[in-house]
Amino acid sequence: IHQFAVGRVSCAVVSDGQMEPPWEPPLAEFFTPEAGVKKDELRQAVAAEGGERTTLACGYNCLLVQTTDGHAVIDTGLGAGFLGYGPRIEPLVGRLGAGLATAGVPSAQLAAVVFTHLHQDHCRGSIWSGALTFPGALGYAHAAELAFWSGSGGTAAPEHLASAREAIALFGQQMRPFGDDTEILPGLRAIGAAGHTPGHTAILLESGGERLLCTGDLFYDRLQLSHPAWSTPWDYDRPGAIASRRRLLDWAADEGLLVHAYHLPFPGLGLVTRERGAYKWSPLQDAAG
């Protein structure tokens, strides 16, 4: 748990887990020739970082925000009992509930769950047991996201389809659709970031003149900042995902927004700056120093 504030709003990054060696996923599974990243290009990019790493950290950094309407969590991780990546992963994830309780917000007291999108690693934590993990919470997802997974389009991403549809069904009337540039909850605004999925959304938190941009899956690894045109196999609309990435990273860099990155190493907080036609990630501790 990493507790901090944005203006007058109390926040905490609560990890649902993070891959650890030797189970960190290979970079080559994220940046593939099929997604437009040549093997030589990937090797050269890693070498340019000054290292020889072959994996990415892949954290699941959920964001707890205390709004005037109650506590909300943005994305919910993979949840307990997850076997989708093999049994070796199960002990490493499913920690959100315990983390929220430690932060003083038991599951029964959570008022809202806001989804950047409905891939399983963002929504399964809210429904992993077959019932709502946070029974008193309203769910919030982009209207385009709900339509996509409810319709035939979601069959193009079968590994995510079951969790997405189960979340939609279990939340039922407790699910609230939203559109771009709408206030979801007091101080939380939806920022259109479509491409990774049709309703992929960034969330802007603003209070007391301070701002934080929660970017969801705008990027998985710092390599997508130095190479913003790189896609992954999970991008539904690759040109759209690239356009959203550049637009929001330009904004974050130009205005010095604090950025929350869901999949970067815990706590996934930092600043984005421009560098040689692309971008650079500075983790919070480096940015503060």
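The values are calculated or read from the model by the stated rules, or taken from the named source; none is laboratory data. Keep in mind that what you see is a predicted model, and the values were worked out from it rather than measured. Ideal geometry is used to build each Cβ from the backbone, glycine not excepted, and the neighbour counts take in all protein chains shown. To get the accessible areas, we keep the full protein, side chains included, count just its heavy atoms, and leave off ligands, DNA and RNA. Shrake-Rupley method; radii C 1.70, N 1.55, O 1.52, S 1.80 Å.
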Taking 0.36 nm per residue of separation between Glu183 and Arg247 and subtracting their Cα-Cα distance, the length gained on full extension comes to 21.0 nm
To the nearest 20 debye, what charge dipole does the chain have about its Cα centre, counting +1 at the Cβ of each Lys and Arg and -1 at the Cβ of each Asp and Glu? 60
Could I get the Rg over Rh figure for the chain? Both from C-alpha atoms, Rh via Kirkwood, rounded to two places. 0.93
At 0.36 nm per residue, and after removing the present C-alpha to C-alpha distance, how many nm does the segment from Glu90 to Gln3 gain when stretched out fully? 28.7 nm
May I ask you to give the percent of accessible area on segment 149-289 that is carbon plus sulfur, with a probe radius of 1.4 Å? 50
Per residue, how much accessible area does the chain show when a 1.4 Å probe rolls over the protein heavy atoms, in square angstrom? 41
Once fully extended, how much extra length lies between Glu52 and Ser150, figured as 0.36 nm per residue of separation less the alpha-carbon to alpha-carbon distance? 31.1 nm
Counting only protein chains, not ligands or nucleic acids, how are Trp128, Trp281 ordered by accessible area (probe 1.4 Å), most first? Trp128, Trp281
Please compute the net charge surrounding Trp128, taking Lys and Arg as +1 and Asp and Glu as -1 over other residues with Cβ under 15 Å from its Cβ. -2
Output row, site Glu159, 7 Å Cα→C-beta label point, backbone N cut-off 14 Å, window segment 103-127, residues 119-122
Of all accessible surface on segment 36-138 at a 1.4 Å probe, what whole percent is carbon and sulfur? 53
Output needed: percent of Cα pairs per 10 Å distance bin for segment 14-85, bins running from 0 to the one holding the longest distance. 16, 33, 28, 17, 5, 0
Assuming R0 = 45 Å, can you tell me the calculated FRET efficiency for the pair Ala131 and Ala35, based on Cβ-Cβ distance, to the nearest 0.05? 0.80
Mind grabbing the accessible area of Thr67 for me, 1.4 Å probe, Å², rounded to tens? 20
Taking Cα pairs closer than 8 Å and at least 6 residues apart, the relative contact order of segment 88-223 in percent is 21
Have a look at Arg247, Arg189, Arg238 and tell me which one the Gaussian network model of the chain (Cα, springs below 10 Å) gives the largest fluctuation. Arg247
